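Beneath this line is the structure, given in structure tokens, with notes to follow.
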Amino acid sequence: MNAVLAVIRRDLLLAMRRKSEVLTALFFFVIVTSLFPLGIGPEPALLKKIAPGVLWVAALLATMLGLQRMFAADHADGTLEQMVLSPTPLGLLVGGKIAAHWMLSGLPLVLLAPVLGLQFDLDVGALGVLMLALLLGTPLLSLIGAIGAALTLGLRGGGVLLSLLVLPLYVPALIFGAGAVEAHIAGLGAGGHLSLLAALLALAAFFAPWATTAALRIALE
Amino acid sequence: MLSIHGLSCVRGERRLFAGLDFAVGPGEWLHVRGENGAGKTSLLRLLVGLMAPAEGEIRWNGENVRTLGEDYRRHLLFLGHHGAVKEELSALENLQLASQLDGDALADRSALAALHRFGLKGREELPVRFLSAGQKRRVLLARLVTKQAKLWILDEPFTALDVKAVDMLSALIGEHLADGGMAILTSHQAMPIPGGRELQL
């Protein structure tokens, strides 16, 4: 367990030392979501309708930005080899890396979303559902993204391949995440969508570290 | 004790070596030699389990290392070509985080002692990117002091080291062997450590 915490601490410490990477994704999220209300103009009904989709698509793309670097630095400097050789199972350490990735790329989006949602005239209830959906959905994005990042590790032009690989897998998260907010606004209740999102998260939390580990071992051979 | 039985390595279409047999017991060390591309690094990566052998078996105290898994890795210290040090972190942080990755907590005092031993006094808190190539290598080698491992597998440990550091490292390996440790290393230079055998690939 100590080793997992060490991995998380190290990744957070590294992110503090090179802040620009984390901030780029955040600025991207803020700017993209703020451009829509400016471009569409003051039409509250339309903005309210597109809000869930816009916020979710922006969150999706913002998480994609840092994905390729998830294992790249560790691969290049040999840290990944040492992680494989650690007495702690690699799956747990990979879980730690995914958790750190979420804290840096997912959690800030969850916290920013209600502020940005205000621009789209979402009410308090809808903002709460949006946050909850992102809280369940962003870890899912990190988990699925980790598989893609591990599979494309060490490839030239891996960035494009990574998007092609990962974006289709993000579709369920997008549908249920944006659907939860839409359902709430329509007065249908978000429970069903959120439960499905939670189920997907549970499934991914179980399988993704395992699949990522297998892909990393192949990359190291 | 580490024993190798009929080990073969195939990279792509090329067979690097086949039918390799040797054993390294407590207090012994093995010097792996060979031309560039002879498969020295591949052999070491096979031994630590980063690659799967095409044929043959690697046994630790008589048991296959594939089935031993973490019980084997606990006794193992592998330092490869890559630094495995993070440029943004200081020498001290690198050393402590590397130990925590192995599941041991490393006290400040013993980490500092290890760094001082490798002549990094006064540079413990400096981000590693401000250090020279040789000093980075020393940060990595400080792991030899802080990790209690029986089997050291070192790939070109003398690269980028000055004469003084080479002597220091040789002495360190000597101490490790006297304590009943084992070492397998690749190097193009002749090694000033007694009790070794040579393996020509």
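The values are calculated or read from the model by the stated rules, or taken from the named source; none is laboratory data. Model, not experiment: these values are computed from the prediction. Cβ atoms come from the backbone with ideal geometry, glycine included; neighbour counts cover every protein chain shown. Remember, those area values only see protein heavy atoms, side chains included, never the ligands or the DNA or RNA. Shrake-Rupley method; radii C 1.70, N 1.55, O 1.52, S 1.80 Å.
3J(HN,Hα) couplings calculated from phi for region B:105-122 with the Karplus curve 6.51 cos²θ - 1.76 cosθ + 1.60 (θ = phi - 60°) are, in sequence order, 8, 10, 5, 3, 4, 6, 5, 5, 4, 5, 5, 5, 4, 8, x, 10, 4, x Hz; Gly and Pro show x.
Taken along the Cα-to-beta-carbon direction at a fixed 7 Å, the label points for residue B:82 and residue B:107 span 3.3 nm.
Sparsely packed loop sites in region A:89-176 (the chymotrypsin sites (Phe, Trp or Tyr not before Pro) outside DSSP H, G, I, E and B with at most 13 other Cβ atoms within 10 Å) do not occur.
For the pair residue A:40 and residue A:107, label points projected 7 Å from Cα toward Cβ lie 3.1 nm apart. Of interest is the spacing of the C-alpha centroids, which for region A:162-186 and region B:48-101 amounts to 40 Å.
Remark: mean inter-chain Cβ contacts per residue of B:72-82 equal 4, using a 10 Å Cβ-Cβ cutoff to other protein chain atoms.
Could you order B:155, B:108 so the one with the most accessible surface comes first? Probe is 1.4 Å.
Values: B:155 5, B:108 90 Å².
Solvent-accessible surface, decreasing: B:108, B:155.
What percent do you get for the relative contact order of chain A when only Cα pairs under 8 Å and 6+ apart count? Don't skip to the answer; put the middle values down first.
Details: 254 pairs, mean separation 57.8, N = 221.
The normalised contact order for chain A reaches 26 percent.
Counting charges near residue B:3 (Lys, Arg +1; Asp, Glu -1) among other residues having Cβ under 11 Å from its Cβ returns a value of -2.
The convex hull drawn around the Cα atoms of chain B, when projected onto a plane and averaged over every direction, covers 11.1 nm².
At full extension, residue B:162 and residue B:179 could sit 3.5 nm farther apart than now, given 0.36 nm per residue minus the alpha carbon distance.
Using a 10 Å cut-off around each Cβ of peptide B:42-50, what is the average number of partner chain Cβ atoms that fall inside? Please report the intermediate quantities before stating the final value.
Working: counts 0, 0, 0, 3, 0, 0, 3, 2, 7.
Counting other chains' Cβ atoms within 10 Å and averaging over B:42-50 gives 2.
Helix-only mean residue ellipticity at 222 nm, chain A, DSSP H runs n ≥ 4 weighted -39,500 (n - 2.57), per residue, nearest 500. What is it? Result for chain A, helices only: -29000 deg cm²/dmol. Relative contact order of chain B, taken over Cα pairs closer than 8 Å and 6 or more residues apart, is 30 percent.
Axis of helix A:158-185 versus longest Cα principal axis of chain A: the two differ by about 40°, to the nearest ten degrees.
Any chance you could tell me what percent of the C-alpha pair distances in region A:2-220 go past 30 Å?
In whole percent, the long-distance tail amounts to 24.
Among the listed pairs A:19/A:49; B:40/B:121; B:121/B:150, give every one whose C-alpha distance is greater than 31 Å. From A:19/A:49; B:40/B:121; B:121/B:150, over 31 Å: A:19/A:49; B:40/B:121. Once both labels are positioned 7 Å from their Cα atoms along Cα-to-Cβ, the gap between residue B:10 and residue A:12 label points is 4.7 nm.
The relative contact order of region B:82-148, computed from alpha carbon pairs under 8 Å that lie at least 6 residues apart in sequence, is 46 percent.
How charged is the neighbourhood of residue B:67? Take every other residue with its Cβ under 13 Å from the Cβ of residue B:67, and add Lys/Arg as +1 and Asp/Glu as -1. Cβ neighbours under 13 Å give a net charge of -1.
Please give me, ordered by residue number, the trypsin sites (Lys or Arg not before Pro) of region A:3-37 that lie in loop per DSSP and have at most 14 other Cβ atoms within 10 Å.
On the way: sites: A:9, A:10, A:17, A:18, A:19; in loops: A:18.
Of the trypsin sites (Lys or Arg not before Pro), the ones in loops of region A:3-37 whose Cβ has at most 14 other Cβ atoms within 10 Å are A:18.
Legend: residues B:90, B:110, sorted from most to least accessible area (1.4 Å probe; ligands, DNA and RNA excluded), read B:110, B:90. Solvent exposure of chain B, expressed per residue, is 44 Å² of accessible area, with all protein chains present and a 1.4 angstrom probe. Which loop-located GluC sites (Glu not before Pro) does region B:47-137 contain, where loop means any DSSP state but H, G, I, E or B and the Cβ has at most 14 other Cβ atoms within 10 Å? Answer by residue number: B:125. Global dimensions of the protein assembly as shown from alpha-carbon coordinates: Rg and Dmax equal 25.4, 83 Å. The alpha-carbon positions of region B:82-148 define a convex hull whose volume is 75 Å³ per residue.
Using the Cβ atoms and a cut-off under 9 Å, what net charge is assigned to the surroundings of residue A:87, where Lys and Arg are +1 and Asp and Glu are -1?
Details: positive: B:73, B:74; negative: B:70, B:71, B:102.
My count for the surroundings of residue A:87 gives -1.
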